[in-house]
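Asker: Dropping the structure in here first, questions after.
The values are calculated or read from the model by the stated rules, or taken from the named source; none is laboratory data. Quantities reported herein were computed from a predicted structural model and do not represent experimental measurements. Reconstructed Cβ throughout: ideal geometry from the backbone, glycine too, with neighbour counts over all protein chains shown. Ligands, DNA and RNA are stripped out before the accessible areas are found, and what is left, the full protein with its side chains, is counted by its heavy atoms. Shrake-Rupley method; radii C 1.70, N 1.55, O 1.52, S 1.80 Å.
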Amino acid sequence: MNSSPIAEPAYCPQEIGTHESRFKQAMKQSVEEPGRFVYTLELVPGRGSRGKTQDEVLRTAEQAAKGDLIDAVSLTDNPGGHPTLFPDVIGLEICRLGIEPIIHFTCKDKNRNQIESILYELDRIGIHNLLVMTGDYPRYGFEGQAKPVCDLDSVQAIRLISRMNAGLDLDGKAPGGGLRLPPTHTFKGAAISPFKQLESEVMAQYFKLSKKARMGADFFITQVGFDARKFDELLRYMRLQNLAVPVLGNVYVLSLPVARAMNRMLVPGCVVTDELFRTIEEEAASPDRGREASLTRAAKMIAVLKGIGYSGVHIGGPHLEYEDVERIIGLSEEFSDSWRALVSEFSFPQKSGFYLFEKDRETGLNTDVLAARQTGPRKRLGYGFMRTFHSIAFAPEAPLYALSCSFFRKLDGTRLEGPVTEIEYWIKFVSSRCRRCGDCTLAEMAFLCPQSQCPKFLFNGQCGGSNEGWCEVFPGKRKCIYVRAYERLKAYGEEQSLSGEYIRPRNWALDQTSSWANYFLGRDHRAETCDGTNGGR
Ligand code: SF4
């Protein structure tokens, strides 16, 4: 336990001394011991420090603690981009009620230093289960729309947490550097959304999943979806990639208003197809407005996910009472032997939706045979030109690379540096709407600039919010940058490169400087930078 004495009881009683939480053990057992099935329950704190919503959250958590069916309750972090009570303090209150919280830890509103500070705070008070996400785009806040910070993406945040769990080595040049910090004990999960329509979106999600696993994700929770074949596809992809990370399937109890919002793409990344929506509408005509039907659907989905091989389920839904949760879990037991017959009740494919594997006509799920891919889009002139320009001067093996290095060495710090930087900027503004970050990632992103063309500035893969290829933030208006990058690369048979290397966060020390100079002089994210930790690739 940390050195400085902490006044009682400012920590999570379940955790002290062991750090082997019930949830962590359950997730481990779910992989090692068939039959151990994990249940988590999502709770949504509201806006304000007190009030009816916070009281309901605590009441449900207390019931869950007493009920002993649920392994942990998760607490959302500004869902939908709206400000709500941050989940750390109410998380601690829930600990004291005798059940563990999983804190939804989003990057959208915090810069990397605040992220690191909050991680120390959570570790100190014994809250170790985190679900790390980029998060829903920030929406209205105090006197207008909030600023999307997104200084780290979820892949970078998971890497930071892995480093902190190992004991962060502070670089000698950094303030207080030259020593290793005490390790933290974060059990870090990540989100994944297989419920995408386009090949580019599906593969972008799976590429990012692989990166998150490589950076140390301990578990995954799926986004909301109702397509059993997609749930099955995710586990088959992970087996294909040897990603032995436990996954919880999201089981969401729909109501008509929420189903309508999801059907209209108003909830980032959540898919309710027209067919499913019609079913919900019909059910809502019943006296209980479809409540019983929704609970039964959730119970059947649990049985199917258990049958497919998920480690557990993450239950959620509007106004879900603890009694409802107990009922769903009880009912799912009754369905568990007949889960195969229930698969057809979760066949809600998206219009001409892409599936990675061929369909198994018998089970309604997938075979392990990869489905034929759609032929690539045609090569685009503009992109082709930028590839050629890059291969002439920027690629380390390029004929003009060495010359460019010496040119920028000579130019560095001279009076000509400013005018040359201005020329660079205007060339890249016209070609890629450059934002002068000084730490260019165009080459890694098929010459699309995440600073100007991704509202969340994501470097390591698509967020979960795209729908039918449209950006979460500009539905129907702007395509997701990862959809565009995938299509550009696929024309050259290089789409797999998006699953490749980890890209470091932007170095703000380079802001408004020449990214060409920083590249050729080894000062940008590709090079060893002084980031306060010894980096170590
Ligand atoms: S461009 Fe894509 S990755 Fe970026 S915010 Fe939009 S949907 Fe998400």
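Asker: Quick one: if the Förster radius is 45 Å, what FRET efficiency do Phe389 and Arg47 give, using the C-beta to C-beta distance and rounding to 0.05?
Answerer: Working: r = 49 Å, r/R0 = 1.10.
My answer for the efficiency is 0.35.
Asker: Here is a follow-up. Residues of region 151-176 with the amide nitrogen closer than 11 Å to a label point 7 Å from the Cα of Ala509, along Cα-to-Cβ, please.
Answerer: 173-175
Asker: Looking at region 342-442, how many pairs of lysines come closer than 28 Å at the Cα, when each pair is eight or more places apart or spans two chains?
Answerer: Details: Lys351/Lys359; Lys351/Lys379; Lys379/Lys428; Lys410/Lys428.
The result is 4.
Asker: Quick one: Cα centre-to-centre distance for region 159-191 and region 343-386, in angstrom?
Answerer: So the separation of the two Cα centres works out to 40 Å.
Asker: Express the accessible area of region 1-192 per residue in Å², computed with a 1.4 Å probe while the remaining protein chains stay in the model. Each step should come with its number before you reach the end.
Answerer: On the way: 8320 Å² over 192 residues.
That works out to 43 Å² for each residue.
Asker: Could you work out the helix-only [θ] at 222 nm for the chain, with each DSSP H run of four or more residues adding -39,500 (n - 2.57) and the total divided by the number of residues, to the nearest 500 deg cm²/dmol?
Answerer: Numbers: 18 runs with 206 residues, N = 537.
It comes out at -11500 deg cm²/dmol, rounded to the nearest 500.
Asker: In terms of modelled amide H atoms, which long-range or inter-chain residues lie less than 5 Å from the amide H of Gly438?
Answerer: Gln512, Thr513, Ser515
Asker: Would you kindly compute the Cα radius of gyration of region 277-395 and its largest Cα-Cα separation (Dmax), both in Å?
Answerer: Rg, Dmax (Cα atoms, Å): 22.2, 70.
Asker: Rounded to whole Hz and in sequence order, give me ³J(HN,Hα) for region 266-282 from the Karplus expression 6.51 cos²θ - 1.76 cosθ + 1.60, θ = phi - 60°, writing x for Gly and Pro.
Answerer: 8, 10, x, x, 9, 10, 10, 6, 4, 5, 5, 4, 4, 4, 5, 4, 4
Asker: Would you mind computing, in nm to one decimal, how far apart the modelled labels at Arg361 and Lys173 are, each placed 7 Å from Cα along Cα→Cβ?
Answerer: Each label point is offset 7 Å from its Cα along the Cβ direction, giving 6.4 nm.
Asker: Straight-line reach from Lys66: which lysines fall under 29 Å, measuring Cα to Cα and dropping same-chain residues less than 8 apart?
Answerer: Those lysines meeting the cut-off are Lys24, Lys28, Lys52, Lys188, Lys300, Lys306.
Asker: Hey, any idea what the orientation-averaged projected area of the convex hull of the chain's Cα atoms comes to, in nm²? Present the calculation step by step, with values, prior to reporting the outcome.
Answerer: Numbers: hull surface 107.6 nm².
That works out to 26.9 nm², a quarter of the Cα hull's surface.
Asker: In addition: Using R₀ = 41 Å, calculate the FRET efficiency as 1/(1 + (r/R₀)^6) where r is the Cβ-Cβ separation of Leu521 and Glu143; round to 0.05. List each step's numbers first, then the result.
Answerer: Values: r = 42 Å, r/R0 = 1.04.
The computed FRET efficiency comes out at 0.45.
Asker: Does region 399-537 come out rounded, prolate or oblate, given a ≥ b ≥ c as the square roots of the eigenvalues of its C-alpha gyration tensor, rounded meaning a/c under 1.5 and, failing that, prolate meaning a/b above b/c? Don't jump to the answer; show the numbers that get you there.
Answerer: Values: a/c = 1.87, a/b = 1.64, b/c = 1.14.
Verdict is prolate for region 399-537.
Asker: When the scattering of region 198-267 is computed by the Debye formula from its Cα atoms alone, each counted once and equally, what is log10 I(q)/I(0) at q = 0.23, 0.25, 0.26 Å⁻¹?
Answerer: -1.10, -1.21, -1.26
Asker: Excluding residues fewer than 8 places away in the same chain, name every one of the aspartates and glutamates whose C-alpha is closer than 16 Å to that of Lys490.
Answerer: Partners found: Glu199, Glu201, Glu444.
Asker: Please work out, to two decimal places, the log10 of the ratio I(q)/I(0) at q = 0.10, 0.17 Å⁻¹ from a Debye calculation in which every Cα of region 202-326 carries one identical scatterer.
Answerer: At q = 0.10, 0.17 Å⁻¹ the computed log10 ratios are -0.34, -0.91.
Asker: Same structure, new question: In nm, what is the difference between 0.36 nm times the number of residues separating Val430 and Arg278 and their Cα-Cα distance?
Answerer: Values: separation 152, 0.36 × 152 = 54.72 nm, distance 4.62 nm.
So the extension gain works out to 50.1 nm.
Asker: Give the carbon-plus-sulfur fraction of the accessible surface of the chain in %, rounded to a whole number; probe 1.4 Å, heavy atoms of protein chains only. Write out the running numbers ahead of the final one.
Answerer: Values: 13030 of 23600 Å².
The value for the chain is 55 percent carbon and sulfur by accessible area.
Asker: Just to be sure I understand the model, the point goes 7 Å from the Cα along the line to the Cβ. What's the resulting Arg59 to Val420 distance in nm?
Answerer: Each label point is offset 7 Å from its Cα along the Cβ direction, giving 6.9 nm.
Asker: Between region 460-523 and region 281-314, what's the alpha-carbon centroid distance in Å?
Answerer: 37 Å
Asker: Among Phe429, Phe277, His314, whose Cα lies farthest out toward the positive end of the dipole of the chain, if unit charges sit on the beta carbon of Lys, Arg (+1) and Asp, Glu (-1)?
Answerer: Checked the options; the winner is Phe429.
Asker: What list of ³J(HN,Hα) couplings, whole Hz, do you get for region 71-87 from phi and the Karplus terms 6.51, -1.76, 1.60, once you set θ to phi - 60° and write x for glycine and proline?
Answerer: So the Karplus estimates, Gly and Pro as x, are 7, 6, 10, 9, 10, 6, 10, 6, x, x, x, 9, x, 9, 4, 5, x Hz.
Asker: Measuring from the lowest to the highest alpha carbon on each principal axis, how far does region 1-192 reach, largest first, in angstroms?
Answerer: 52, 46, 38
Asker: Please list 3J(HN,Hα) in residue order for region 347-364, calculated via the Karplus relation 6.51 cos²θ - 1.76 cosθ + 1.60 where θ = phi - 60°; whole Hz, with x for glycine and proline.
Answerer: 10, 10, x, 7, 3, 6, x, 8, 10, 6, 10, 5, 6, 8, 4, 6, 8, x
Asker: Can you pull the one-decimal nm distance between simple spin-label points at Leu69 and Tyr502, each 7 Å off the Cα toward Cβ?
Answerer: With each label point 7 Å from Cα toward Cβ, the separation is 4.0 nm.
Asker: Can you tally the net charge around Pro79? Count Lys and Arg as +1, Asp and Glu as -1, for every other residue whose Cβ sits under 14 Å from the Cβ of Pro79.
Answerer: Numbers: positive: Arg47, Lys108, Arg139; negative: Glu42, Asp77, Asp109, Asp136, Glu472.
So the surrounding residues net to -2.
Asker: Probe radius 1.4 Å, ligands and nucleic acids left out: which of Lys28, Lys410 has the largest accessible area, and how do the rest follow?
Answerer: On the way: Lys28 90, Lys410 155 Å².
Heavy-atom accessible area, descending, gives Lys410, Lys28.
Asker: Could you list which residues have their amide H under 5 Å from that of Met133, counting only those 5 or more apart in sequence or on another chain, with H placed in the peptide plane?
Answerer: Those qualifying (amide H under 5 Å, at least 5 residues apart or on another chain) are Phe105, Thr106, Cys107.
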